[in-house]
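Remarks on the structure that follows.
Laboratory data are not the source of any read-out in this text; all were calculated from the coordinates shown. All values derive from a computational prediction rather than experimental measurement. Cβ placement follows ideal geometry from the backbone for every residue including glycine, while neighbour counts extend to all protein chains displayed.
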Amino acid sequence: MNAPLIIQPIRDDDPSRTAITLHAITLSFGGLDVLSDVELTVQRGEIVGLIGPNGAGKSSLLNVMSGFYRADSGTVRIAGEPVTRVTPQRVARSGVVRTFQNLGLFAGMTVLDNVLTGRALQVRAAWPHYLLRLPAARADERRNRALAFEALESLDLQDHAGTLVSALPYGAQKRVELARAIAMEPSTLLLDEPLAGMNAHEKAEMVSAIRAVNGGRGTSVVLIEHDIGIVMKLADRLIVLDRGRVIADGPPAIVAADSAVIAAYLGTRH
Amino acid sequence: MQFFLEVLIGGALAGIMYALVAIGFVLIYRASGVFNFAQGSMILFAALTFVNLVERGVPFWLAFAATLLILIASAFLIERLVLRPLTNRSVITLFMATLGLSYIFEGLAQIAWGTQVHALDLGISDEPVAIAGLSLSSFDIAATAIAGGLVIVLALLTGRTSLGLSLRAVAADPLAALSIGIRLDRVTVIAWSLAGFVALVAGLMWGARSGVQFSLSLIVLKALPVLIIGGFTSIGGVIVAGILVGAGEKLAEIYLGAIIGNGIENWFAYAFALVFLMARPTGLFGQRSWARI
C-alpha cells in the first residue's frame, strides 16, 4: 500500500487552536475493523470535508467524534482537552454538535419547537422562575426564541416556523436539523451528509448557511459529503478515508488529484 | 331538566377523578413513550404510605412531603435500575418492565404496610351542596379544584418551558435528544417524579373516596378508556375525556339503564373508547403522526 498523502496546513500545535483532535483511534465491530489508527486534527474555524467510498468508516468516525460510538482505543480531545468517557451529551455540552444522515428531528413537534430544543441547554433562570413566569424566565424565553428565529431565517425556514416538522419535504427537514444545530451556537459542527437528497437550489442554500456560520462565528465544520464538486469548493481541507484508514489529508485540489484517492473511488489504476 | 343537569354535572365532576389518574400516564408516556402499567400500583403505594404515616401520628403536610420524597427516590431507582439498562429497547420491552414494576410496588407496599383497608379522611366532606339550584357533591367539587390546580402547575412546568421541550424531545427521538446535549437520565427522573406526585394526589383523592385498599391499583382500568379517548400525549385531552366518560356513564346508567338493563356504568367507558379507536385512534387531542414512505 502506498504511504498516505498527508499535506496539512502549517499547523502550530497550540492546543487552543484545535477544535477536535483524534489520536490513534481504532474501532471494530465483531472482528470487522471499521477504523484503524486514525489520526485527525480539526483546527478552529476550518471546514473539513470527509470523503471516501461507501463503507470507508466516515459515519463511524463522526460517531466516535460525537460520542455515539466509543473507540476501542485512542483518545479524543475537544479544544485540546482530553475527553474521558466520551458520551454524546458531554460532547454536545462542550460545543460539538452533530446532525444525522437519516435526520434526528423530533417528529410531532413544530419546526420552531425543534429548533428551540437546541436552546434548552442555554437556560439561565432556575425552574421556579418558570413556574411563576418571573421576568428572568421571560427574558430567557425571548432570547431563545430570537436566536431560534435567527437560525430559521439563515436557512430560509421562517415561514415554516409553525409547521409540524414531519410534514415538510425531506430537504427542508435537513435544513431544520442544521438550524437546530446552529441555534446551539456550536464551536464545531459535525454534519453527516447534509446535502443528501436535496435539489440544486436547496444545496446552494445549505452551503451558504454553512459558510455563514463558519465565517460569522468561526465555527469549525466537519462534513461528510458525496457531492465532490460542492465539497471541493466548500472545504478548506479534504480527508479521505478508505477501509477505515486515512489515505489522504490536505488541500482539496491536491488530494483530489492523488492517485490513491482516485483508485479508492473508481477502483482502477492500481 | 334539573335532574338531568345534576346527573350531567355530577358525572362530569366524578370524571375529573378518572382524569387525575390518567394524567400520570400521560406524563410518562410523553417522556418515555411507554404506557406505564405501574401507575396504578404507584397510586396504591403512595396512598398506603401516606395513610400509614398519618395513622402513626405524622402531621398531614409532613406525611405528604415524606411520601413525595419516597416517590422521587423511586424515580431515581427506576431510571438507574430499570430504564437505563433498557435504553433503545423496543416499546414492548419497556412495557413489560413497567408490568414487573407494578408487582414490585404492590409487593413493597404489602411488605411495608400490610394488606389492611384504611379509611382516609382528608377533611373534605362528601355532602350534597346546592349550587345554582343544583345539588352537587362537595367532594367532587373539591376534587375538581385540586385537579385544576394540578393541571395548572403541570402546564406551567412542562408547557413551553425548556423542561417541556426536553420531555417531548426525549420521547420523540432519544438519540437526537442526546445529540443536542439533553440529559436523558435527568429528564426521565423528572418525568417519573412528576408522575409520582400525580399518583400521590390521585391516591389521596381516590383513597378518601373509597378507602385505601389494594383494589386501588385497579383504577388503572378506568383510566385506560379515558387515555384512549383523550390521547396519550395530552393532559388537556384526558381532562376533557374524563369529563366525557364520567358524564356519559352516569347519563347512560340513568337514562338507558331502564331500557337495556343496569350495570351500564361498568362497561360504558370501554364501549365509548372502542368507538373512538375506530373513528379517531389518536384520541381527541392526541398527536397525529406522519411517516413518509
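For a test of the definition: using alpha carbon positions, the gyration tensor, and the 1.5 limit on a/c, classify the protein assembly as shown as rounded, prolate or oblate. Verdict is prolate for the protein assembly as shown. To the nearest 0.05, what FRET efficiency results for A:ARG143 and A:ASP37 with a Förster distance of 45 Å applied to their C-beta separation? Working from the Cβ atoms, E equals 0.50.
Going by C-beta contacts inside 10 Å, put A:VAL111, B:VAL7, A:VAL231 in order with the fewest on the left.
Numbers: A:VAL111 27, B:VAL7 16, A:VAL231 22.
The most exposed by this proxy come first: B:VAL7, A:VAL231, A:VAL111.
Scanning residues 5 or more positions from A:ILE247 or on other chains, those with amide H under 5 Å from its amide H are A:VAL240, A:LEU241, A:ASP242, with H placed 1.01 Å from N in the peptide plane. Evaluating 6.51 cos²θ - 1.76 cosθ + 1.60 at θ = phi - 60° for every residue in the range B:8-25, the Karplus couplings come out as 4, 6, x, x, 4, 5, 5, x, 4, 5, 5, 4, 4, 6, 5, 4, x, 5 Hz, glycine and proline recorded as x.
Listed values for the range A:103-116 are Karplus-derived 3J(HN,Hα) couplings in whole Hz (6.51 cos²θ - 1.76 cosθ + 1.60, θ = phi - 60°), namely 6, x, 9, 9, 4, x, 10, 6, 4, 4, 4, 4, 6, 5, and x replaces Gly and Pro. 3J(HN,Hα) couplings calculated from phi for the range B:257-262 with the Karplus curve 6.51 cos²θ - 1.76 cosθ + 1.60 (θ = phi - 60°) are, in sequence order, x, 5, 8, 10, x, 7 Hz; Gly and Pro show x. For the range B:2-215, the convex hull drawn through the C-alpha positions has a volume of 132 cubic angstrom per residue.
Along the Cα-to-Cβ line of A:GLU185, 7 Å from the Cα, sits a label point; which residues in the range A:131-172 have backbone N less than 20 Å from it? Under cut-off, by backbone N: A:135-155.
Rounded to 0.05, the FRET efficiency of the B:ALA145 and A:ALA212 pair, given R0 = 51 Å and the Cβ-Cβ distance, is 0.45.
Per residue of B:166-174, other chain Cβ atoms within 10 Å of the residue Cβ number 5 on average. Placing unit charges on the Cβ atoms of the charged side chains and taking the dipole of the range B:52-124 about its Cα centre, the candidate lying farthest along the positive direction among B:GLN116, B:VAL54, B:PHE105 is B:PHE105.
With an a/c value of 1.5 or above and a/b not larger than b/c for the gyration tensor axes a ≥ b ≥ c computed over the alpha-carbon atoms, the range B:207-269 is described as oblate. Panel order for A:VAL97, A:VAL221, by other beta carbons found within 10 Å of each beta carbon, from fewest to most: A:VAL221, A:VAL97. With the simple model of a label 7 Å out from the Cα in the direction of the Cβ, A:ASP72 to B:ALA130 spans 8.5 nm. Secondary structure note: in the protein assembly as shown, about 60% of the DSSP beta bridges are antiparallel. Modelled spin labels at A:GLU81 and B:TRP267, positioned 7 Å past Cα toward Cβ, are 6.5 nm from each other. Projecting label points 7 angstrom from Cα along Cα→Cβ for B:LEU122 and B:ARG183 puts them 3.2 nm apart.
One decimal place: the segment B:MET1-B:ILE92 gains 27.9 nm when fully extended, by the rule 0.36 nm per residue minus the C-alpha distance.
Would you work out if chain A is rounded, prolate or oblate? Take a ≥ b ≥ c from the square roots of the eigenvalues of the alpha-carbon gyration tensor; rounded if a/c is under 1.5, else prolate when a/b is larger than b/c, oblate otherwise. Because a/c hits 1.5 or more and a/b exceeds b/c, chain A counts as prolate.
Give the separation of the Cα centroids, the range B:119-158 to the range A:225-240, in Å. Cα centroid of the range B:119-158 versus Cα centroid of the range A:225-240: 65 Å apart.
If R0 is 41 Å, what FRET efficiency do you get for B:ILE152 and B:THR115 from their C-beta distance, rounded to 0.05?
Working: r = 36 Å, r/R0 = 0.89.
Rounded to the nearest 0.05, the efficiency is 0.65.
Exposed loop sites, defined as trypsin sites (Lys or Arg not before Pro) outside DSSP H, G, I, E and B with at most 14 other Cβ atoms within 10 Å, are absent from the longest region of chain A, namely A:134-268.
Lys-Lys pairs in the protein assembly as shown that are eight or more residues apart or on separate chains and whose Cα atoms lie under 28 Å of each other come to 7.
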